[in-house]
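Read through the structure below, which is laid out as structure tokens, and then see the notes.
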Amino acid sequence: MKKLLTLWVCLLMISRLSAANLPPGFAEVQVADGLDPTAMAELPDGRILFTEKKGLVRVIENGILLPDPFLSLDLDNYNERGLGGIAIDPGFQQNKFIYLFYTVKNANHNRVSRFTASGNYAVPGSERVLLDLDPMTGTIHNGGAMAFGPDGKLYISVGDGANADAAQPLTSLLGKVLRINPDGTIPEDNPFYTQATGKYRAIWARGFRNSFTFAIQPGSGRILANDVGSSEYEEVNEVHRGGNYGWPALEGNRTNQVVPEGYEDPAYAYDHTVGCSVIAAAFYNPDSIRFPASYTGKYFFGDYCQGYLKTLDLGSGQVELFATGVDRPVALLTARDGSLYYMARGGIGGGSELDNTSSDEGSIWRIFYTGNGAPLVSRQPADVLVSAGEPAAFEVQVTGVAPFQFQWQRGGADIPGATSARYELSQTFLADSGAAFRCLIQNTQGATTSQIAYLRVTADQRPVPVILSPMPGALYSGGDTIRFAGGATDPEAGILGDNDLTWRILFHHDTHTHPALEPVSGISGGVFLVPDFGEMSPNVWYRILLTATDPQGLSKTVYRDVFPRKADFVLQTAPSGLRIGVEGNQQVTPATITGVQGMTRSLTAPRAQLIGDTLYVFSAWSDGNTQPERVFQLTDAGGTFTAVYEKVIPGKGRGLKGEYFDGEENNPVFPGLPALTRVDTVVNFNWGQGSPDENRLGNDQFLVRWTGKVQPPLSGVYTFYTSTDDGVRLWVNGQLLVDAWYPQGETVHAGTISLEEGRRYDLKMEFYEEGGDAVAKLLWSSEQLPRMVIPRSQLFTPSSGGDGPVYISSATPNPMEEVLTAWIKSTQATQISLRLTDAAGRLVHVQELAANVGEQEVLLDVAALTPGVYFLLLYTRDGIADAIKLVRL
């Protein structure tokens with residue numbers, strides 16, 4: 001028992017003495033501790049307002065934490081919910097407005113409100129609600145960062161609320177960055193103002209999982225937003241107007257994934273060998289620059305799990321380590337005076353080492369540059385209270401140029417052997433009470449002395465808390481009520497009262513925790529309702545903690561774990577091997593999922609799935625339910641859920657005829673003859689600032705005309721989308737669906753038309769590149785088809801696949817060997833040309849011949865071809881009549 005108690009005291013001391021390791025010449029001081037911190041902002045006069053998750057707004061003035069809160073909110077503080085964001089109005093000196101992001105009590109959604117300040121207090125009753133966000137599926141992924149841009153608009157980051165499917169649609173504010181006016185109205189120049197309705201016009205960018213922190217660079221207005229990843233990557237995204245940042249389709253940089261419209265790769269991404277939760281955001285562009293010039297303009301960010309701060313240079317993309325040893329960073333602030341503040345959220349007893357989103361041991365630190373490297377005590381030793389016989393420890397944290405020399409003193413006299421940053425008495429006696437300890441620190445640059453810390457030793461023993469309920473081995477299901485009860489005795493005071501007890505409940509998920517019940521005192525027991533939604537992993541449990549504190553101030557904590565009842569359910573599709581979404585995460589069938597009984601689960605069968613060139617369309621669930629989405633509560637019996645799909649036979653298209661032309665500056669008119677003609681299997685190009693063919697076309701002022709036919713696999717109303725930079729026109733079946741023949745950044749245009757299954761419709765798309773980036777993409781969607789690039793199988797070159805009087809019926813062998821045999825079918829005698837090009841469209845072989853009525857064999861010598869992709873093109877007097885893709889190994 002004594003060993004356990006000793007360990008507990010040591011851990012307590014260590015947890016309260018943690019600061020950062022900084023580069024040479026930098027120092028830091030602790031500004032405040034004992035906090036539950038989430039975000040901070042600076043007022044024009046240098047005061048700092050910061051938020052505590054439990055609903056408090058606090059004030060730091062002249063480096064001192066004021067005792068009274070600026071504001072106290074009654075809110076929902078369950079799990080990751082609470083007070084999460086703060087912003088200061090650019091006109092604060094005149095209007096005194098501040099903005100808060102918090103979770104509304106008993107309402108299951110977050111809110112943005114404006115308050116009016118009067119000195120160091122909010123004006124009572126001054127709250128004005130600006131925006132109520134959408135209801136959340138779970139109690140995590142709130143987001144909450146807010147900042148004003150140079151345009152005077154308020155930008156707000158919103159997490160997906162544990163519903164990954166909400167991050168993309170323009171009918172949800174979740175998983176988005178929003179932009180509103182200071183009075184809550186929506187700017188008409190927002191990117192989706194004409195596409196969305198109501199409050200959804202506030203959407204500025206989408207595709208975020210949980211962008212808890214972001215920063216806007218003074219002057220440039222560039223926005224960098226951190227997005228906390230799921231299982232793969234953490235992202236720092238540069239947020240642009242109308243941008244899409246991929247969630248839930250992908251994390252990190254794209255490889256071969258199908259990406260959503262408007263997708264942008266992150267500015268920087270790292271996998272979970274480097275960290276697990278990107279957090280904290282600040283540009284170093286203060287009014288007074290105090291750091292070395294190399295830091296100016298850099299973006300500072302951190303990782304919550306690994307406890308480091310890094311810098312990102314947007315020009316070079318270089319990332320450098322700045323600080324380590326931060327006790328779970330959550331927020332950064334570049335102050336006007338050139339110093340950098342950070343919030344260390346810390347942890348509490350019973351929490352995991354990797355993550356802890358409930359804390360009363362958070363702190364705020366100020367980093368500044370001294371340049372000389374002399375030692376500076378960044379965290380002073382704290383007074384210690386122990387029971388006689390227990391150990392006691394004192395510790396300092398120091399910044400400056402290492403190595404340091406430490407010498408602890410007691411009562412002004414050196415303690416032999418006490419020459420490290422931490423000094424511990426292995427055993428204390430009553431006679432030690434009142435002893436004064438301090439530390440002398442020196443290095444090659446100078447010397448300093450810590451403040452004095454006092455040891456208090458009491459004859460009293462620590463209290464003994466006991467949890468009476470729940471009993472050991474208790475289990476829970478979603479929706480259950482957990483009853484907790486307990487008490488404590490003290491060797492000296494006897495039975496302790498309810499006011500001496502403090503309860504809290506932690507929800508453990510894998511290697512990290514979320515708060516389930518914030519610390520509550522003054523009760524001997526209570527009830528906790530387990531939600532039936534939220535985290536769906538089976539690797540979860542609740543930890544109930546009871547802390548007892550005696551009249552002398554000695555305390556002790558005990559806990560009891562309550563684990564879940566579990567059950568399995570099975571996902572299947574007919575045919576097997578397709579995907580079903582489970583709370584937005586795609587599972588390939590068959591799959592067995594383990595979950596917590598009583599939890600409400602949601603399944604989504606995608607309306608259509610494209611596997612290779614084969615399209616599968618959702619028909620119904622095996623029990624007859626025809627809705628793709630279904631919700632059920634997991635019971636001990638589990639269950640099997642089978643989604644039935646119908647196979648749609650793909651077309652046999654080979655792509656579109658692409659004619660590439662050299663144009664003239666400021667004259668987007670097609671000249672007479674193309675510089676390059678080839679078959680493009682799909683229209684999905686991003687040439688950047690390059691050229692489709694460096695040998696034949698310039699990087700700018702080129703034009704492309706794609707012609708052929710398109711074949712819908714299903715009947716219905718189709719929406720065709722062009723995504724281009726610059727001009728575009730699109731005709732389908734002779735109807736002009738898109739007409740945007742003017743310079744523009746990458747922009748999506750759309751038009752609709754009703755099409756019949758199996759028929760082929762004329763298609764023509766014209767594109768021109770004026771300058772800068774060059775992008776050209778052609779997509780479609782229907783009620784049954786998700787938006788996708790139109791696949792090769794549904795695109796046909798003019799007169800291809802037997803449509804016209806002459807075509808290639810086959811070409812063998814493929815992959816090619818020494819000789820290629822092409823079979824030509826023709827309904828009339830005509831002169832043709834067989835041309836073999838490489839993947840870049842360069843001509844490598846040509847053969848002129850007369851095609852007779854019927855089928856004839858043509859031999860082509862291809863022995864000299866190098867490995868690669870080739871196209872066999874059949875030309876008539878009217879141009880390309882057919883094309884086949886070939887490979888040489």
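Here are some notes:
- Residue match in segment 283-295 (condition: part of a strand (DSSP E or B), in contact (Cβ under 8 Å) with a residue 12 or more places away in the chain and surrounded by 19 or more Cβ atoms within 10 Å (Cβ to Cβ)): yes
- Here the strands (runs of 3 or more DSSP E) wholly within segment 808-889 that include at least 1 residues being of a type in the set (Ser, Thr, Tyr) and modelled with pLDDT under 85 are 819-826, 868-876.
- Test: residue in segment 772-790 that is at pLDDT 85 or above, open to solvent by 30 Å² or more (accessible area, probe 1.4 Å) and on the phi > 0 side of the Ramachandran plot: yes
- Residue within segment 527-545 that is open to solvent by 50 Å² or more (accessible area, probe 1.4 Å), touching a strand residue (DSSP E or B) at 6+ places or on another chain (Cβ under 7 Å) and in a strand (DSSP E or B) present: yes
- For GLY473: the one exception among (1) surrounded by 18 or more Cβ atoms within 10 Å (Cβ to Cβ); (2) part of a loop (DSSP other than H, G, I, E, B); (3) not β-branched (Val, Ile, Thr): (1)
- Failed item in (1) more than 30 Å from TRP541 (Cβ to Cβ); (2) under 23 Å from the mean Cα position of the chain (by Cα); (3) buried (at least 19 other Cβ atoms within 10 Å of the Cβ), with SER316 passing the rest: (3)
- Filter result for THR511 (at pLDDT below 95, open to solvent by 50 Å² or more (accessible area, probe 1.4 Å) and among the hydroxyl-bearing types (Ser, Thr, Tyr)): yes
- Taken over segment 372-394, the criterion of being part of a loop (DSSP other than H, G, I, E, B), hydrophobic (A, V, I, L, M, F, W, C) and out of contact with any Leu (no Cβ under 8 Å at 6 or more places or on another chain) is satisfied by ALA374 alone.
- With respect to the conditions (1) at pLDDT 90 or above; (2) surrounded by fewer than 19 Cβ atoms within 10 Å (Cβ to Cβ); (3) not β-branched (Val, Ile, Thr), TYR768 lacks only one, and its number is (2).
- Just one of (1) modelled with pLDDT under 95; (2) open to solvent by less than 50 Å² (accessible area, probe 1.4 Å); (3) in contact with a Gly (Cβ under 8 Å, 6 or more places away or on another chain) fails for LEU174. It is (1).
- Exclusive hit being of a type in the set (Val, Ile, Thr), over 38 Å from the mean Cα position of the chain (by Cα), modelled with pLDDT under 95 and closer than 17 Å to TYR768 by Cα, set THR677, THR707, THR724: THR677
- Residue within segment 484-495 that is polar (S, T, N, Q), under 28 Å from GLY82 (Cα atoms) and open to solvent by 40 Å² or more (accessible area, probe 1.4 Å) present: no
- Any chance ARG422 is under 30 Å from PHE26 (Cβ atoms) and at pLDDT 95 or above: yes
- When the residues of segment 20-78 are filtered to those that are open to solvent by less than 30 Å² (accessible area, probe 1.4 Å), outside any strand (DSSP E or B) and of a type in the set (Asp, Glu), the one that is nearest to ALA282 (Cα to Cα) is ASP36.
- Note on segment 395-422: among residues that are in contact with a Lys or Arg (Cβ under 7 Å, 6 or more places away or on another chain) and assigned to a strand (DSSP E or B), the one that is surrounded by the fewest Cβ atoms within 10 Å (Cβ to Cβ) is GLN409.
- TYR245 satisfies every condition listed in (1) touching a Leu at 6+ places or on another chain (Cβ under 7 Å); (2) under 15 Å from SER157 (Cβ atoms) except (1).
- Residue count, segment 338-353 (criterion: open to solvent by 10 Å² or more (accessible area, probe 1.4 Å) and at pLDDT 95 or above): 1
- THR444 meets the conditions (1) within 29 Å of GLY371 (Cα to Cα); (2) in contact (Cβ under 8 Å) with a residue 40 or more places away in the chain; (3) in contact with a strand residue (DSSP E or B) (Cβ under 7 Å, 6 or more places away or on another chain) in every case but one. The failed one is (3).
- Members of segment 228-248 that are more than 19 Å from PRO191 (Cβ to Cβ) and surrounded by 18 or more Cβ atoms within 10 Å (Cβ to Cβ): VAL228, GLY229, TYR233, GLU234, GLU235, VAL236, PRO248
- Here GLY584 fulfils each of the conditions (1) at pLDDT 95 or above; (2) over 27 Å from ILE482 (Cα atoms); (3) open to solvent by less than 40 Å² (accessible area, probe 1.4 Å) apart from (1).
- Matching residues in segment 354-371 - criterion: being at pLDDT 55 or above and assigned to a loop (DSSP other than H, G, I, E, B): SER358, SER359, ASP360, GLU361, THR370, GLY371
- The number of residues in segment 754-765 that are within 21 Å of ASN667 (Cα to Cα) and either surrounded by fewer than 20 Cβ atoms within 10 Å (Cβ to Cβ) or under 34 Å from the mean Cα position of the chain (by Cα) (or both) comes to 1.
- Residues satisfying the stated conditions in segment 94-108, i.e. open to solvent by 30 Å² or more (accessible area, probe 1.4 Å) and either touching a Phe, Trp or Tyr at 6+ places or on another chain (Cβ under 6 Å) or not charged (D, E, K, R) (or both): GLN94, ASN95, PHE97, ASN106, ALA107, ASN108
- Residue, least open to solvent (accessible area, probe 1.4 Å), within segment 719-753, restricted to residues that are within 22 Å of ARG241 (Cα to Cα) and not in a strand (DSSP E or B): ASP726
- Filter pass, ALA447 being in contact with a helix residue (DSSP H, G or I) (Cβ under 6 Å, 6 or more places away or on another chain) and either aliphatic (A, V, I, L, M) or surrounded by fewer than 15 Cβ atoms within 10 Å (Cβ to Cβ) (or both): no
- Candidate set: segment 697-718, residues that are in contact with a Gly (Cβ under 7 Å, 6 or more places away or on another chain) and in a strand (DSSP E or B); chosen: the one nearest to GLN735 (Cα to Cα): TRP706
- Lone unmet requirement of (1) touching a residue at least 40 places away in the same chain (Cβ under 8 Å); (2) open to solvent by less than 10 Å² (accessible area, probe 1.4 Å); (3) of a type in the set (Gly, Ala, Ser); (4) in a strand (DSSP E or B) for GLY138: (4)
The values are calculated or read from the model by the stated rules, or taken from the named source; none is laboratory data. Predicted, not measured: the structure shown is a model, and the values here were computed from it. Counting neighbours? That spans all protein chains shown, and the Cβs are built from the backbone with ideal geometry, glycine included. Note: areas computed on protein heavy atoms with side chains; ligands, DNA, RNA excluded. Shrake-Rupley method; radii C 1.70, N 1.55, O 1.52, S 1.80 Å.
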